[in-house]
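The values are calculated or read from the model by the stated rules, or taken from the named source; none is laboratory data. This structure is a prediction, so every number in the text was calculated from the model and none was measured. For neighbour counting, all protein chains shown are included, and Cβ atoms are generated from backbone atoms with ideal geometry for every residue, glycine included. Remember, those area values only see protein heavy atoms, side chains included, never the ligands or the DNA or RNA. Shrake-Rupley method; radii C 1.70, N 1.55, O 1.52, S 1.80 Å.
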Amino acid sequence: MVTIKLGEDAGKQLVKVPLSNNTISRRINDMDDDINDQLISNLKGKDFALQLDEATENQKDTHLICYVRFVNEKKIVEDLLFCKEMKGGTTGQDLFAVVDDFMVQNQIDWERCVGVCTDGGHSMSGCYQGLQACIRSKAPNAVWTHCIIHREALAAGNLSEELHNILKIVKVILFIKTRPMKARYFAKLCEDVGANHSCLLFYSSSRWLFICTSLLRVYELRNEIYSYLHDEEHCFANKFIDADSLIQMAFLSDLFEKLNALKKSLQDNILQLSDKVSGFKKKVILWKGSVSKGDYKYFPSLDMFLQENEMALKEELRTVFVLDLSQLHVYLQKYFPEDEVEPIKWVRDPFNAAIPHHFNNEEAEQLIDISSDSTLKVQFQSLSLLEFWCQTQDEYSVITRLFCVF
């Protein structure tokens, strides 16, 4: 009818219109089911580790996100296992009920779970009623680990009261960004004076390290922000011409940038991550000694500000910076103890490692077999750590069972 009345071109366009009102959503659901079936099929019969996180959206909806890690065809597989909305409470038992229901529905054997990684919240990590305890009731041999990135965020969040007060200055971002007219006027001001940037960056107060780039942008646009806030008669305007405030802001910008770089590098196995954190702790000691001597070369924004304004850092401010670096080192030591990876150091070099005291007879014998295998020793020198242990999983399945945890 359309072809006769409106022409052939109109008829061809009409043919493209789907007759069903849910074709796209149905196809997406079919693809989702197919991907899930493939993942479950590859996971069954293999040892695996889980990483779980509870997240709340801006609409106050809470979801439990679960990632899985296992070895498939001699390769490490890391994938999203599920994301489930929490309908009721978020206690350890509630969280476990969601995970257990998924495992039962997909016929995944809990006995194969060798590791669980969560944040340090009581509902997650509690050893009596937390998610960790509930999972261990089903998988008694599972090893629990506290998320390294979360631990770093906890260590970085312990600032002195003086620097905490400086962080309150970033509230000017909300004052400008959440009002479209003010944001446009501020962008025009930045363009008129030839600033390198024309806008500020939002930040999340619930994630310490996300504030790094936002604070750095505020510091870089400090002159433009002062001009704008002065016209608006804002109470924070004078903070952007106060030398002490700007010095502290510069110090925090540099420090958070270093912490942010560390966070971005924490995406490897636990042995390499511990090495990076250990190196960072040594750097903190180096920075502390440098600042205490009046040398600020490791904090470029602070050093440049002092040189441009021909200023010397006040003794009380230097004391604050030294104490904060000392406190950062203390908390890094607390959340990353030196002996944390001692029980698994044999993974790094099984050919020269002593037999750990916690090994059972079969594990000890397999470690001796590996250390005596000259062919494996050649492979160890040419493969990465992950690739090597993936290659040995079939022949030495007992000793590599905890490999997913690493």
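Of all DSSP beta bridges confined to the chain, the antiparallel ones make up roughly 70%. The modelled label-to-label distance between C235 and E111, using points 7 Å beyond Cα along the C-beta direction, is 6.4 nm. Of the residues C66, L376, L273, the one whose Cα sits farthest towards the positive end of the charge dipole of the chain is C66 (charges of +1 on Lys and Arg Cβ, -1 on Asp and Glu Cβ, taken about the Cα centre).
Once you have the Cα-Cα distance between S265 and V77, take 0.36 nm times their residue separation minus that, and quote the gain in nm to one decimal.
Taking S265 through V77 to full extension adds about 65.7 nm, to one decimal.
For L286 and Q379, a Förster radius of 35 Å and the Cβ-Cβ distance give a FRET efficiency of 0.40, rounded to the nearest 0.05. Annotation: per residue accessible area for segment 129-183 equals 45 Å², rounded to a whole number [probe 1.4 Å, protein chains only].
Here's the list of lysines a cross-link from K16 could span, going by alpha-carbon distance under 23 Å and ignoring same-chain residues fewer than 8 apart: K5. In plain terms, the chain from K182 to C199 could stretch by 5.0 nm, reckoned as 0.36 nm per residue minus the Cα-Cα distance. Helical content of the chain, expressed as a calculated mean residue ellipticity at 222 nm, amounts to -16500 deg cm²/dmol (DSSP H runs of 4 or more residues, -39,500 (n - 2.57) each, divided by residue number, nearest 500). Placing +1 on the Cβ of every Lys and Arg and -1 on the Cβ of every Asp and Glu, with no other charges, gives the chain a dipole of roughly 780 debye about its Cα centre. For the chain, the relative contact order works out to 13 percent when only alpha carbon pairs closer than 8 Å and six or more residues apart are counted.
Using a cut-off of 22 Å between Cα atoms, the listed pairs K288/K314; K44/K74; K258/K283; K138/K264; K46/K74 include K138/K264 as exceeding that distance. Sorting 84-91, 251-258, 169-176 by average packing, meaning the other beta carbons within 10 Å per residue, from highest down gives 251-258, 169-176, 84-91. Compare K264, K138, K44 in a GNM of the chain, Cα atoms joined below 10 Å, and give the one with the largest fluctuation. Highest fluctuation of the listed residues: K264. Summary of packing: across the peptides 295-302, 188-195, 19-26, 99-106, the per-residue average of other C-beta atoms within 10 Å ranks them, highest first, as 295-302, 99-106, 188-195, 19-26. A 1.4 Å probe run over the protein chains yields, for segment 216-354, 50 Å² of accessible area per residue, whole-number rounding. For the chain, the share of accessible area belonging to carbon and sulfur comes to 50 percent (1.4 Å probe, ligands and nucleic acids excluded).
A simple spin-label model places pseudo-atoms 7 Å from Cα toward Cβ; at S137 and N165 they are separated by 5.0 nm.
Once all protein chains are placed together, C83 keeps about 70 Å² accessible to a 1.4 angstrom probe. Ordered by 1.4 Å accessible area with all protein chains kept, Y226, Y128 run largest first as Y128, Y226. Between T319 and Q393, the modelled label-to-label distance comes to 5.7 nm, taking each label 7 Å out from Cα in the direction of the beta carbon.
Based on Cα contacts under 8 Å between residues 6+ apart, segment 278-400 shows a relative contact order of 19 percent.
Between the entries (i) 40, 25, 21; (ii) 44, 38, 20; (iii) 32, 26, 21, the label attached to semi-axes √(5λ) of the Cα gyration tensor in Å calculated for this structure is (ii).
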